[in-house]
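Trainee: Dumping the structure here so I can ask a few things about it.
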Amino acid sequence: MRPNKGAYRRDAEEDLEQLLYNKKDGFRLAKSSCVHAQQYAEKMIKDKIVDFDVDPQKIHDLVTLLFKLSDISSTKIDDNILFLAGSLSRFYISLRYPCPEPITASPEDAENAFEWAIEIVDWVDKNIKSE
């Protein structure tokens, strides 16, 4: 069942609110901040996919979601945005799930993740228009 339009955006706003709170604390909770940054971008991209009446499916990789959005909107995704999406996705998968070579996240990593998420979402909002 496809979510209603705006449902992902409403959930993403909670992730953004948590990120802004964490930012005030200097991203002390770096791991959590990186995950919230990825989730914010993921939900906002999925919200845009739903605007096209397409089911975004249970995909967490931002690059895959951006290519899906590119296909349905006939918009080429900027290479820098794809790079940032790949970097942000790496944080999400390796910080959220156990993996053979776990990574850690510093406050600097969290600040970068926050900035990348904002840049990705801003690019999508400015460049991809649903009918």
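The values are calculated or read from the model by the stated rules, or taken from the named source; none is laboratory data. Small disclaimer: the values here were computed from a predicted structure and weren't measured. Cβ coordinates were reconstructed from backbone atoms using ideal geometry, including for glycine residues, and neighbour counts include every protein chain displayed. For the accessible areas, the whole protein counts, side chains as well, though only heavy atoms, and no ligand, DNA or RNA atoms are used. Shrake-Rupley method; radii C 1.70, N 1.55, O 1.52, S 1.80 Å.
Trainee: Where the accessible area of the chain is counted over protein heavy atoms with a 1.4 Å probe, how much of it, in %, is carbon and sulfur?
Mentor: Carbon and sulfur together cover 49 percent of it.
Trainee: Another one. Note the full-extension length gain between residue 67 and residue 24 as 0.36 nm times their separation in residues minus their Cα-Cα distance, in nm to one decimal.
Mentor: Stretched out fully, the residue 67 to residue 24 stretch lengthens by 12.1 nm.
Trainee: Could you provide, to the nearest whole Å², the per residue accessible area of the chain with probe 1.4 Å?
Mentor: Per residue, the chain has 57 Å² of solvent-accessible surface.
Trainee: In nm, give the distance between the simple-model label positions of residue 104 and residue 83, each being 7 Å from the Cα along the Cα-to-Cβ direction.
Mentor: 2.7
Trainee: Mind giving me the nanometre distance, one decimal, between the label points for residue 130 and residue 76, set 7 Å out from Cα along Cα→Cβ?
Mentor: Inter-label distance under the simple model: 2.6 nm.
Trainee: Mind telling me which of 17, 119, 42 comes out most flexible in a GNM of the chain, alpha-carbon contacts under 10 Å?
Mentor: 17
Trainee: Now for a separate question. Using the Kirkwood radius built from alpha carbon pairs, what does the Stokes-Einstein equation give as D for the chain at 10 °C and 1.306 mPa s, in µm² per second?
Mentor: In µm²/s, the coefficient rounds to 108.
Trainee: If packing is taken as the mean number of other Cβ atoms within 10 Å per residue, what is the order of 23-36, 71-84, highest first?
Mentor: By packing density, highest mean first, the sequence is 23-36, 71-84.
Trainee: If you don't mind, there's one more thing I want to ask. Quick one: which of 31/76; 76/129; 43/126 span more than 21 angstrom between C-alpha atoms?
Mentor: Result: 31/76 exceed 21 Å.
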